[in-house]
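The values are calculated or read from the model by the stated rules, or taken from the named source; none is laboratory data. From a predicted model like this one, the values you see are computed outputs, not experimental measurements. We place every Cβ from the backbone using ideal geometry, glycine too, and count neighbours over all the protein chains shown. With ligands, DNA and RNA removed, areas are computed over all heavy atoms of the protein, side chains included. Shrake-Rupley method; radii C 1.70, N 1.55, O 1.52, S 1.80 Å.
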Amino acid sequence: MIIPILNFVSRWVLAGASLYKTLKNKDKGWGLITLGFTLSALDIEEYILEPLGIKVAPELSPISQSVSMFYVGFFFLAGGLLIKLKDITLKHEAILSTIVLLSYIWIFMIATKIITGDSALIFPSIVFSLSTIYLGLIFLNYIVNPKSLEILLPLGLIGLGALNLTYPFTRNIEWFASFAFLTASILRVLSAIGIVKLVFFAPPSPSRRESPTQLKPGACWSDNPKKVLEMLSPMNIIAITRSIPENTPNSWFIYWLTKVEEGEVRENIYAISPTKLEILPDLVKKALKLGYDGVYIDGIEALVIENGFKSVAKFLLHIKDIVLAENKFIILTLDPRALKEEEIKIIEKEFKKLELS
């Protein structure tokens, strides 16, 4: 009895943690994922339905199961795309629309008994499984520290999606069905532990000493990193940097952009791939709410090489919006000679040149 209960509880933990993330960040992608997790949680097992006297008619079971898998798969896929891309392109709209159309046709074919038996669940299971695996892969790229419990979320979802691919062919094999239910329950519990860690992860609170700064809230850039570091060293700073400054102040929290390693390097320093910029805005927002004074970003030129200027500009503007909303400051350091003229103009339009004596 304990396994079905854990299965039930873990489903609602996934839905609840995802809802918290949605409301906290007002993120459309997480909102769609929340719908997927909630529908999955409502797909409750027989041990809850039967005591209530509720039973799905056998001839309607393939339709109800198909609808559930199609809906959950659609929300997982759409939500994952929004988290990754922040916007859905015409190409992805076409893919999602095709899945909806094929799903409708498939359910119609089940209802008219063109498709019967276990074969009725093949396509819905493929949609659900591949979407769950895809969402797991998206979250895998969202992890700050691969050595922490956060990694359980993507691994659990990928395992769950892979296991569900066997469902139409093994659901009536009694010994394997029992094994699959146990495994799926364990994978959901692991995913639930992972999402709680992911959603509630935040940098440590900064030093509470007074920051001797005359900087006003705003967005600036400078071509003099040495002077900027000297000015910021006494403050509580979130740094996104390509190179860890020497004698790093204890009041700084650093995201080191590197391909050498990932995860916690030492206290208050986390290594993140420079191609994972999308995970940083949420972490910066959490840090600023904890009391950090502002954000320092360098290595813009290297980020442009890794991601392209359009992606980097979008990232910088996102961080800028977060910083200004929190009434804090952001300072970029860069070498204007390493960027194109039109790129520098975009930077200068959004970030004021900081004059340092």
**Report entry** Matching residues, segment 266-279, being within 18 Å of Ile297 (Cβ to Cβ) and not basic (Lys, Arg)
**Finding:** Asn268, Ile269, Tyr270, Ala271, Ile272, Ser273, Pro274, Thr275, Leu277, Glu278, Ile279
Query - Count of segment 219-257 residues which are at pLDDT 85 or above and either in contact with a helix residue (DSSP H, G or I) (Cβ under 7 Å, 6 or more places away or on another chain) or not in a loop (DSSP other than H, G, I, E, B) (or both) - result: 24
Query raised in the report: Is it true that some residue in segment 111-124 is in contact (Cβ under 8 Å) with a residue 12 or more places away in the chain, under 25 Å from Ile272 (Cα atoms) and open to solvent by 50 Å² or more (accessible area, probe 1.4 Å)?
Result: no
Query raised in the report: Val260: touching a strand residue (DSSP E or B) at 6+ places or on another chain (Cβ under 8 Å) and part of a strand (DSSP E or B), yes or no?
Result: no
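So, Thr132, is that one modelled with pLDDT under 90 and more than 13 Å from the chain's Cα centre (by Cα) or not?
Numbers: modelled with pLDDT under 90: no; more than 13 Å from the chain's Cα centre (by Cα): yes.
No: the conditions fail for Thr132.
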**Report entry** Hey, Ile5 among the hydrophobic types (A, V, I, L, M, F, W, C), at pLDDT below 85 and not in a helix (DSSP H, G or I) or not
**Finding:** no
Query raised in the report: Among the residues of segment 135-151, which ones are farther than 17 Å from Phe75 by Cβ, free of Cβ contacts under 8 Å to residues at least 60 places away in the same chain and surrounded by fewer than 21 Cβ atoms within 10 Å (Cβ to Cβ)?
Result: Leu140, Leu149, Ile151
Requested in this report: Kindly check whether there is at least one residue in segment 199-207 that is open to solvent by 40 Å² or more (accessible area, probe 1.4 Å) and within 30 Å of Leu96 (Cβ to Cβ).
Outcome: no
Report task. Specify the residue that is modelled with the highest pLDDT; the eligible residues are those in segment 305-357 that are farther than 23 Å from Ile238 by Cα and of a type in the set (Gly, Ala, Ser). Result -> Gly308
Report summary line: Those residues of segment 152-178 which are free of Cβ contacts under 8 Å to residues at least 12 places away in the same chain and either open to solvent by 40 Å² or more (accessible area, probe 1.4 Å) or of a type outside the set (Ser, Thr, Tyr) (or both) amount to Ile173, Glu174, Trp175, Phe176, Ala177, Ser178
Query raised in the report: Of (1) at negative phi; (2) free of Cβ contacts under 8 Å to residues at least 60 places away in the same chain, Gly308 satisfies all except one. Which?
Result: (1)
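Output the residues belonging to segment 312-334 that are among the small types (Gly, Ala, Ser) and closer than 20 Å to Arg242 by Cα.
Let us first name the residues in segment 312-334 that are among the small types (Gly, Ala, Ser), namely 313, 325.
Result: Ala313, single match.
Taking segment 71-108, which residues are outside any helix (DSSP H, G or I), charged (D, E, K, R) and without any contact (Cβ under 8 Å) to a residue 24 or more places away in the chain? Walk me through how you get there before you give the answer.
Restricting attention to segment 71-108, the residues satisfying the condition of being outside any helix (DSSP H, G or I) are 86-89.
Those still in the list that are charged (D, E, K, R) too: 86-87.
Residue satisfying the conditions is Asp87 alone.
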